[in-house]
Amino acid sequence: MNLKRTISFHPKLAAVLDIFFSLALMWWITKITTPWLLLVWFFFRIGWWVALITCMYYPPFISRAKHLVALAIFNSGLLFFLIFIDWNVAWYLVAALYIIVPVLSFWFVPERSDELTVFSKPHRRTRFLMSVLGVAGLWSGAEALVVLQIVTQPLTWVVMAVAAAATVAISAWWWREYGVPHDKNFLVSAGVLFLIIFELAFLTVLLPLGYLVSSLFITWIWYVIWLIFRFALSKEGIDWRRQRSFLLINMVLLGIFLGLVARWK
């Protein structure tokens, strides 16, 4: 029996169901005290999303698999945040994101197959937001493993290389999602991005920054570079006149973040 043909949840109903399931999982994670239970929790969450996506209605122009991949990236990153964040206010903020963002990804799935594909943009943007948060959480976990000396040399650079490779894989996926052709320039850009991110990771290890600040710093720089490469690899190319103000604003905001917000050890 094909489950997709016998059960078809409305996207809004799926979003509401996910709220209650997420609340139950947030209560559960506060009771977990062993690593193996964290793995059970993680795969239980993924299993729930597999079931929900299988039973939910999707128009033909929305991919169930891509939605699940974005949710899995998000789940991995947010789990690192929940494990390593030791400030209560930040922990509850992450917990709120953990509940709200996946719900939006279900809520924004178009309700009918005859809708224009332009209505899929909020869903795609939510998937991208989940991927960005997943990257931030991934680097929070990698930096925490090093700062807290859970791993030491030479495993430090293995952890950083794996995190950088995962970041590049997510970057390449989203370049393709935005129509960037898969050619030689694409592969070269992916290689250059890996080197930049890996060197940034090396820099953050040397700087007297906490792991949360380091992860946000890497994610911020990564997003700006990803966006520049996206435009550079597109057929239209980069409009430097428009991007100049974007880069300037980000440089100022990053300087404020590092100078006034970040705590240096």
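Selection within segment 88-137: residues that are outside any helix (DSSP H, G or I) and modelled with pLDDT under 85. The member of this set that is farthest from the chain's Cα centre (by Cα) is Asp114. Of all the numbered requirements in (1) surrounded by fewer than 16 Cβ atoms within 10 Å (Cβ to Cβ); (2) closer than 18 Å to Gly134 by Cβ, Arg241 misses one, and that requirement is (2).
Scanning segment 138-156 for residues being surrounded by 23 or more Cβ atoms within 10 Å (Cβ to Cβ) and not in a helix (DSSP H, G or I) gives a total of 0. Per the conditions (1) crowded, with 17+ Cβ neighbours inside 10 Å; (2) in a helix (DSSP H, G or I), the sole criterion not satisfied by Ala65 is (1).
Scanning segment 1-28 for residues that are modelled with pLDDT under 90 and either among the hydroxyl-bearing types (Ser, Thr, Tyr) or buried (at least 17 other Cβ atoms within 10 Å of the Cβ) (or both) turns up Thr6, Ser8, Phe9, Pro11. Tallying residues that are more than 15 Å from His123 (Cβ to Cβ) and among the charged types (D, E, K, R) within segment 34-65 yields 1.
Looking only at segment 45-62, which residues are touching a Phe, Trp or Tyr at 6+ places or on another chain (Cβ under 6 Å) and either part of a loop (DSSP other than H, G, I, E, B) or of a type in the set (Phe, Trp, Tyr) (or both)? Correct list: Trp48 only.
Go through (1) buried (at least 16 other Cβ atoms within 10 Å of the Cβ); (2) without any contact (Cβ under 8 Å) to a residue 40 or more places away in the chain; (3) out of contact with any Leu (no Cβ under 9 Å at 6 or more places or on another chain); (4) more than 16 Å from Ser131 (Cβ to Cβ) and name the single condition Val159 misses. The number of the failed condition is (3). Those helices (runs of 4 or more DSSP H) of segment 158-265 in which 2 or more residues are farther than 20 Å from Ser140 by Cβ and at pLDDT below 80 occupy 240-256.
The values are calculated or read from the model by the stated rules, or taken from the named source; none is laboratory data. If you're wondering where the values come from, they're calculated on a predicted model, not measured in any experiment. For neighbour counting, all protein chains shown are included, and Cβ atoms are generated from backbone atoms with ideal geometry for every residue, glycine included.
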